[in-house]
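The values are calculated or read from the model by the stated rules, or taken from the named source; none is laboratory data. Computed from a predicted structure; not experimentally measured. Quick reminder, even Gly has a Cβ in these numbers, built from the backbone with ideal geometry, and neighbours come from all protein chains shown. Quick note on the areas: whole protein, heavy atoms, side chains included, nothing else; ligands and nucleic acids left out. Shrake-Rupley method; radii C 1.70, N 1.55, O 1.52, S 1.80 Å.
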Amino acid sequence: MSLLKGNSLAQLLEHPAIWRGRSAARIDTLSTGFRALDEGLPGGGWPRIGLTEILAPRHGVGELRLLLPLLARLAAVSPPRWVVWIAPPFEPYAPALAAHGVCVERQLVVRTETPLWAMEQALDSGACELALAWVRRAQPRSLRRLQLAAGRGRTPGFLFRALTTACEASPAELRVLYEPDEAGATLRLLKSRGGVRTPIGIRWEDGDGAA
Amino acid sequence: MAPRDRAASDRRAFLTRGRASPASAVAPGMAPTPAMAMAMAPELQLVQSELGLATEVAEAWIALHLPALVLESLTHGSVPAAAAPPLAIFEPGGSMPRLVAVDAAARARGVVPGLTLAAALALAPALDARPRQPRRERALLARLAEACFAFTPRVSLEPPDGLLLEVRGSLGLFGGAAALCEAVQARCGALGLGARHALAPTPLAALALARAGRAVAITGSERLVGALAALPLALLRWPPSTLARLESMGVRTCGEALRLPRAGFARRFGRGMLEDLDRLVGRRPDLRRPFVARAAFRGRCEPSFELEHHEAILRHLEPLLASLESFLRSRQAAVCLLRLRLGHRPDPHDASVRATPLELRLAAPEFSAARFGALLGEHLARLVLPAPVIRIGLRSGELQPLAAQSGALWRPGEHGGGGARESPALIERLRARLGAGAVYALCLVPEHRPERAWQVAEPSGLHEPGAPAGPRGRRPLWLLKTPQHLGQGIRSLRLLEGPERIETGWWDGQDVARDYYVARDCAGAKLWIFRERLPPNEWFLHGVFG
């Protein structure tokens, strides 16, 4: 019986389905492309499967830049799959995306008044590499549906929400509070499976601060 | 290989080796069987290898006889109502229309085919009497013929109520004659048709056996005459006068007719009858006009009651979609476009309400009835019907060859699993609910005007990344659809970089002359703004550096 061996408890606790408070559970992740952020996040990156919420004070303060390194890396993934943008606040500008190394041809934009439904379809289908959605209001119950759909479709989903929703309950895997500053941003992990508690500062590589 | 088969293939092989003579229409490899070659050029001398009659051809015909086709053609496609009145179908025309078919409920009331309509109505006053519709019978027969392309490419119609399939080449594939007959019967049953079948080496024999209800499978011609001997001659559907004269001679069965002296038979009844007998037993080739399938699907259904809810419409659509799928499968084809037409009950107050058209466009060619059903369901759920639906018509767009795909080993998201099959499905589902314009892909355009440097693209297929774009000026991640007039708002902004002058497009009348700046607003967001170079030199917001 392997369970009776000396290190069996340690082995058991390493199982991905088990996590305890601050312990670093082994979860499948995607590197964010920012070293400081990778070190702060549990597992060293964005959750590979499940919902991540990014709470920003308003649209267009750099919150999209957080995902640019990941989007750029997905350009090289084969076979190609869609990156779905659901109800973005403005038009994603293809030349700028291309300049950041993002594969423009793989981006799919969905304009809808019901972003949660579209997000569920995108996550559930398994046809997307990544799904991004800009959501104004969402009940914890509908977020739970998204979280389950992401699990079924094995897809990472990112929700951009307003800062005011920080106090609401959410079943998301990871909740990040985003605050822009002079040449980068400060991130706080509102909810994570064992991430750091201290704020994480990141700097944009080109010194191209959002604020 | 059985000796018979080998002999047959020997004969075919000889034909393929034959010389083409300029006078004859037969060239090597042109005619699939010696029988066909003979028919194309009767003067052709078929050289036989070692055995009997040249016209003895190794063919196997399945005949399908549809005794209830007249009835089925009128009830097909409609869901039977619970308490439907007894149904009888009469042949219109003439002063005394006679019934040609009745259903079980009518038969229980003593109404049988052959009665005059007046007599039938006297027997069963509640009788639902409808005129026969030969066009619908033909259409239904053609649909069965199309379904039978699943078994053989050689299908021919035998109107008004029969179908012939030449299945020699399919016997091995379907596991023998009995299994093939069973599969054909199952296909008839799936279409809601009651059929009788028989398999024989000649089409006429198969038809006669099927009409007699003998579900036999005779693959060798040596057993054929014995099986035919007891069949009544009436099954051959000869003219009634001929049959009456034969009966007066005491000749009632095929066996008796075959025993008559040939010369005398020909003199009394004409060469045509003798040739028919020869075709029956395979002494003469029997050529059948092959059935040619339609180039596009067209189906309709008339429910027996008015449909008001989309679920009910969808339920009635299912059989249509199933036949569309078998139509497409038999052609190895798929479609990108379906047209649905929901016919409404004519409204006395509003003549404009006649039909609601619905178009289903797909991102990738599709053939599966389940997929069509799911997508049409989404469309129907959004549709507001002006009146109840009494008729449903379905037409397919142009057929496209179906490229067979093998299923992925991995689920999407696992190891090497791509979303090849799922991504068109996702796009169609989103478009079905949100409209075609709401789901789009992006593409780059080599153009200096910022709003024209990108374009909405059709999300048709995923591409490998293209060539990286060349270096450009600083561009924002977000672009406003139309530049937003800043007015006095410019005072609260602080310019960081610029200007970048963009002055182009004079050739198409959409010229721009702008100085672009990067600015920061008081809340800290970085903006892309420009100033018109032409008076009144207004400031506009054009993008946001996300």
Across (1) of a type in the set (A, V, I, L, M); (2) more than 8 Å from chain B (Cβ to nearest Cβ); (3) touching a Gly at 6+ places or on another chain (Cβ under 9 Å), A:L74 clears everything bar (3)
>> Among the residues of the range B:273-285, are any open to solvent by less than 30 Å² (accessible area, probe 1.4 Å) and of a type in the set (D, E)?
In response: yes
When you check A:L190 against the structure, is it closer than 16 Å to A:P47 by Cβ and hydrophobic (A, V, I, L, M, F, W, C), yes or no?
yes
If you go through A:R141, A:R136, A:R161, the only one that is in a helix (DSSP H, G or I) and either in contact with a Phe, Trp or Tyr (Cβ under 8 Å, 6 or more places away or on another chain) or basic (K, R) (or both) is A:R141
Across (1) of a type outside the set (A, V, I, L, M, F, W, C); (2) within 30 Å of B:R474 (Cα to Cα); (3) under 13 Å from the mean Cα position of the chain (by Cα), A:R188 clears everything bar (3)
Among helices (runs of 4 or more DSSP H) entirely within the range B:232-272, at least 3 residues that are free of Cβ contacts under 8 Å to residues at least 24 places away in the same chain and over 41 Å from the mean Cα position of the chain (by Cα) occur in B:240-248, B:262-269
In the range B:352-399, anything among the aliphatic types (A, V, I, L, M) and under 16 Å from B:L320 (Cα atoms) is listed as B:L358, B:L360, B:A369, B:A370, B:A374, B:L375, B:L376, B:L380, B:V389, B:I390, B:I392, B:L394
By residue number, the members of the range B:346-367 that are touching a Pro at 6+ places or on another chain (Cβ under 8 Å) and under 17 Å from B:H310 (Cβ atoms) are B:T356
Meets criteria (within 30 Å of A:P79 (Cα to Cα) and either at pLDDT below 80 or open to solvent by less than 30 Å² (accessible area, probe 1.4 Å) (or both)) for B:A438:
yes
Within the range B:324-339, of all residues that are part of a strand (DSSP E or B) and free of Cβ contacts under 8 Å to residues at least 60 places away in the same chain, the one surrounded by the most Cβ atoms within 10 Å (Cβ to Cβ) is B:L338
Restricted to the range B:173-204 and to residues being assigned to a helix (DSSP H, G or I) and touching a Ser or Thr at 6+ places or on another chain (Cβ under 9 Å), the residue surrounded by the fewest Cβ atoms within 10 Å (Cβ to Cβ) is B:A190
With criteria (1) within 20 Å of B:G543 (Cβ to Cβ); (2) facing chain B (nearest Cβ under 7 Å); (3) free of Cβ contacts under 8 Å to residues at least 40 places away in the same chain, A:L68 comes up short on (2)
Within the range A:102-128, residues more than 7 Å from every other protein chain (Cβ to nearest Cβ) and farther than 16 Å from B:V439 by Cα come out as A:V102, A:D124
Considering the range A:164-180, residues that are part of a strand (DSSP E or B) and out of contact with any Lys or Arg (no Cβ under 6 Å at 6 or more places or on another chain), and then whichever is nearest to A:I27 (Cα to Cα), we arrive at A:L174
Reported set for the range B:115-132 where residues are in contact with a Lys or Arg (Cβ under 8 Å, 6 or more places away or on another chain) and open to solvent by 40 Å² or more (accessible area, probe 1.4 Å) is B:L115, B:L123
- Message: Being hydroxyl-bearing (S, T, Y), facing another protein chain (nearest Cβ under 9 Å) and farther than 30 Å from A:A17 by Cα: is that true of A:T155 here?
- Response: no
In the range A:82-112, anything open to solvent by less than 10 Å² (accessible area, probe 1.4 Å) and touching a residue at least 40 places away in the same chain (Cβ under 8 Å) is listed as A:W82, A:V83, A:V84, A:W85, A:I86, A:P88
Reported set for the range A:29-42 where residues are in a helix (DSSP H, G or I) and either free of Cβ contacts under 8 Å to residues at least 24 places away in the same chain or more than 22 Å from A:R152 (Cα to Cα) (or both) is A:R35, A:A36, A:L37, A:D38, A:E39, A:G40
message: Looking at the structure I just gave you, is B:A217 modelled with pLDDT of 90 or more, open to solvent by less than 60 Å² (accessible area, probe 1.4 Å) and in contact with a helix residue (DSSP H, G or I) (Cβ under 6 Å, 6 or more places away or on another chain)?
response: no
Practice prompt. Take A:L159 and decide whether it is in contact with a Ser or Thr (Cβ under 8 Å, 6 or more places away or on another chain) and under 30 Å from B:E378 (Cα atoms).
Written response: yes
Kindly indicate whether A:S78 is of a type in the set (S, T, Y) and crowded, with 19+ Cβ neighbours inside 10 Å. no
